[in-house]
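Report on the structure given below.
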């Protein structure tokens, strides 16, 4: 009867959980980068954080199933937090400042590339409303001219010239 696992297995799983914490932190940095690109409204931040939390929890569950036969051990959860914290507070700080600059550049480039499309779409309704308005005016003038030229007779079967 074995009451505990060998120390080597526990240490290797703990180190693996630290590595998995790195992966979760990289996923979080990707979510923050997408947030910088797309929207920084309060509801968007809350929705993205909820989605990230659910995704990280599911990934952590599958990690526990894969590496620890589904047993949740506090040392592995603690290892995930250590890995994520170490990466976030060391490399993550520099990565966030770099990603913030990159997001600003990408937003500017996207704005420049999409500016003609946006201007076209803004002008599109007014462009067609101008065409429709001019066609209506021309049609009304034509109808008025025809009405002036027509001579209405008593007999509806006679042609008017």
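Looking at the stretch 37-53, which of its residues are within 10 Å of the chain's Cα centre (by Cα) and either loosely packed, with under 15 Cβ neighbours inside 10 Å or touching a residue at least 40 places away in the same chain (Cβ under 8 Å) (or both)? Please lay out each step first, then the result.
Step one: list which residues in the stretch 37-53 are within 10 Å of the chain's Cα centre (by Cα), which gives 37-39, 44, 48.
Answer for the stretch 37-53, where residues must be within 10 Å of the chain's Cα centre (by Cα) and either loosely packed, with under 15 Cβ neighbours inside 10 Å or touching a residue at least 40 places away in the same chain (Cβ under 8 Å) (or both): 37, 38, 39, 44.
List the number of the failed condition for residue 65; all other conditions in (1) free of Cβ contacts under 8 Å to residues at least 24 places away in the same chain; (2) under 13 Å from the mean Cα position of the chain (by Cα); (3) in a helix (DSSP H, G or I) hold.
Of everything listed in (1) free of Cβ contacts under 8 Å to residues at least 24 places away in the same chain; (2) under 13 Å from the mean Cα position of the chain (by Cα); (3) in a helix (DSSP H, G or I), residue 65 misses just condition (2).
Is it the case that some residue within the stretch 1-8 is more than 29 Å from the chain's Cα centre (by Cα), surrounded by fewer than 12 Cβ atoms within 10 Å (Cβ to Cβ) and part of a helix (DSSP H, G or I)?
Yes - at least one qualifying residue is present in the stretch 1-8.
Which residue is modelled with the lowest pLDDT, if the candidates are limited to the stretch 68-86 and must be over 16 Å from residue 27 (Cα atoms), in a helix (DSSP H, G or I) and touching a helix residue (DSSP H, G or I) at 6+ places or on another chain (Cβ under 9 Å)? If you could, list the steps in order and put the result at the bottom.
Taking the stretch 68-86 as the starting set, the residues that turn out to be over 16 Å from residue 27 (Cα atoms) are 68-79.
Among the residues that remain, those that are also in a helix (DSSP H, G or I) are: 68, 74-79.
Subset that is touching a helix residue (DSSP H, G or I) at 6+ places or on another chain (Cβ under 9 Å): 68, 75-79.
Numbers: 68: 82, 75: 87, 76: 88, 77: 89, 78: 93, 79: 91.
Restricting to residues being over 16 Å from residue 27 (Cα atoms), in a helix (DSSP H, G or I) and touching a helix residue (DSSP H, G or I) at 6+ places or on another chain (Cβ under 9 Å), the top hit is 68.
Quick check, is residue 143 within 30 Å of residue 26 (Cβ to Cβ), in a helix (DSSP H, G or I) and at pLDDT 70 or above?
Numbers: within 30 Å of residue 26 (Cβ to Cβ): no; in a helix (DSSP H, G or I): yes; at pLDDT 70 or above: yes.
Against the criterion (within 30 Å of residue 26 (Cβ to Cβ), in a helix (DSSP H, G or I) and at pLDDT 70 or above), residue 143 does not qualify.
Looking only at the stretch 71-89, how many residues end up being farther than 15 Å from residue 14 by Cα and exposed (fewer than 11 other Cβ atoms within 10 Å of the Cβ)?
1
The values are calculated or read from the model by the stated rules, or taken from the named source; none is laboratory data. Quick caveat, the model's predicted, so the values are computed rather than measured. Cβ sites come from the backbone with ideal geometry, for glycine too, and all protein chains shown count toward neighbours.
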